[in-house]
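Okay, structure first, notes after.
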Amino acid sequence: MQRSCVAVLAVVVSLVPLPVSAAGLVIGVPAWPSAEVTAHIIADTLHDKYGVDADLQERGTLTILADIGRGRIQVHPEIWLPNLNVMVDKLSKQDNVLRLGPHTVAASQNICVTNETAQQTGVKAVGDLAKAEIAAKFDSDGDGMGEMWIGAPTWSSTEIERIRARSYGYDKTMTLLEMPEDVAMASVDAAVAVGRPIVFYCYGPHHVFALHDIVRLEEPPHDPARWSIVTRAQDDKWLEKSKADTAWGASSFQVGYAASLEKDMPEVAAFLSAMEFQPEDVTEMSYAVVVEGKAPEEVARSWMSENADRIGEWTK
């Protein structure tokens, strides 16, 4: 009887939500190299400096934000804007459960080709992809449609790139491929090696610009009046109701964390708020993981060793 009571008590205790300070915290890990490395830098710093053991969980970026809203995840290492404006505004301004670190990394989002591709095909602008004669030059399987990678399935930008393809009209001439980034970048490497034309979504900072001669396709300047984004989560007819036929607006990314950390772990919240990366940091991280084949945790430890003074500033 005594043993069964203890067992019941254990179950009851396990069902009681623990404050973050008692339970540790969870870091979401989205599916791109620099964010994977940054997640490990955060986790290792929390362990080394604050004695906090963090659980790293691989999730899609939208799921990470949703779980911050539910209190299941406390840190998103790399929140991209304007990709996530709608959800971030809701969580930070309306629900007051998300904080954004004040230090941003300037970024870019484009459609890219290799310089050799531009010379071979004559493609200069994103709008050219809607021309059948241009699209045909990217047709590798003989179905009459060109192929292009628009991002990974879990990325918020992928949804927007599908909207952009429909807005420009090249959804009718190009097969829009969604696949993990490492597979897509391997395709870029292979295309460069054999001199085959390739077109793909590109973002920076990113190692691909250091590795290959990459050209960003021309677009009309960003016009907010011509960008109307309805997300898949908002409406089943999101694609039909959306429009984006100019270039991306100014992009950036920064760390995000649960507002509850300000009360439960103020030192940790202060550290996350102080984190500041430079574009070259991000490029080096991406290059080390994808090109050199190093594990994100290995790259994180190496970066921390080389930048101990910076981490010391973030945690003082």
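The values are calculated or read from the model by the stated rules, or taken from the named source; none is laboratory data. Remember, predicted model here, so these are calculated numbers, not experimental data. Don't worry about glycine lacking a Cβ; one is built from the backbone with ideal geometry, like all the others, and counts go over all protein chains shown.
For this structure, a couple of remarks:
- The one condition in (1) assigned to a strand (DSSP E or B); (2) more than 30 Å from residue 246 (Cβ to Cβ) that residue 43 fails to fulfil: (1)
- Hits in the range 68-81 - residues which are closer than 17 Å to residue 255 by Cβ, surrounded by fewer than 20 Cβ atoms within 10 Å (Cβ to Cβ) and touching a residue at least 40 places away in the same chain (Cβ under 8 Å): 81
- Among the residues of the range 228-263, the ones that are touching a helix residue (DSSP H, G or I) at 6+ places or on another chain (Cβ under 6 Å), of a type in the set (A, V, I, L, M, F, W, C) and closer than 18 Å to residue 70 by Cβ come to 2 in all.
- Filter pass, residue 58 being over 16 Å from residue 267 (Cα atoms), in contact (Cβ under 8 Å) with a residue 40 or more places away in the chain and of a type in the set (D, E, K, R): no
- Residue within the range 288-307 that is among the aromatic types (Phe, Trp, Tyr) and within 23 Å of residue 156 (Cα to Cα) present: no
Listed here are the residues, each with its yes/no results for (1) among the charged types (D, E, K, R); (2) over 17 Å from the mean Cα position of the chain (by Cα).
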site: 250; (1), (2): no, no
site: 272; (1), (2): no, yes
site: 275; (1), (2): no, yes
site: 293; (1), (2): no, yes
site: 297; (1), (2): yes, yes
site: 305; (1), (2): no, yes
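- When the range 295-316 is filtered for residues that are touching a residue at least 60 places away in the same chain (Cβ under 8 Å) and not small (Gly, Ala, Ser), the ones remaining, listed by number, are 296, 297, 299, 301, 303, 304, 311, 314, 315.
- Residue match in the range 284-294 (condition: free of Cβ contacts under 8 Å to residues at least 60 places away in the same chain and hydrophobic (A, V, I, L, M, F, W, C)): no
- Flag if residue 133 is touching a strand residue (DSSP E or B) at 6+ places or on another chain (Cβ under 7 Å) and either of a type in the set (A, V, I, L, M, F, W, C) or without any contact (Cβ under 8 Å) to a residue 60 or more places away in the chain (or both): no
- Of the helices (runs of 4 or more DSSP H) entirely within the range 229-311, those holding at least 1 residues that are outside the structural domain of residue 73 (by TED's automatic domain parsing) occupy 238-241.
- Exclusive hit being more than 24 Å from residue 278 (Cα to Cα), modelled with pLDDT of 50 or more and either in the same structural domain as residue 82 (by TED's automatic domain parsing) or more than 16 Å from the chain's Cα centre (by Cα) (or both), set 48, 55: 55
- Selection within the range 150-202: residues that are touching a residue at least 24 places away in the same chain (Cβ under 8 Å) and among the acidic types (Asp, Glu). The member of this set that is nearest to residue 139 (Cα to Cα) is 178.
For every residue, the table says whether it meets (1) within 23 Å of residue 109 (Cα to Cα); (2) crowded, with 22+ Cβ neighbours inside 10 Å; (3) among the hydrophobic types (A, V, I, L, M, F, W, C).
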residue	(1), (2), (3)
252	yes, no, no
262	no, no, no
272	no, yes, yes
280	yes, no, no
283	yes, no, no
293	no, no, no
300	no, yes, yes
306	no, no, no
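- The set of residues in the range 137-165 being in contact with a Ser or Thr (Cβ under 8 Å, 6 or more places away or on another chain) and not hydrophobic (A, V, I, L, M, F, W, C) consists of 137, 143, 146, 147, 151, 154, 156, 159.
- Restricting 162, 196 to residues that are out of contact with any Phe, Trp or Tyr (no Cβ under 8 Å at 6 or more places or on another chain), under 22 Å from residue 235 (Cα atoms) and of a type outside the set (S, T, N, Q) narrows the list to 162.
- Elements of type helices (runs of 4 or more DSSP H) contained in the range 101-210, each with 3 or more residues being crowded, with 20+ Cβ neighbours inside 10 Å and aliphatic (A, V, I, L, M): 156-168, 181-194
- Test: residue in the range 88-105 that is aliphatic (A, V, I, L, M) and out of contact with any strand residue (DSSP E or B) (no Cβ under 8 Å at 6 or more places or on another chain): no
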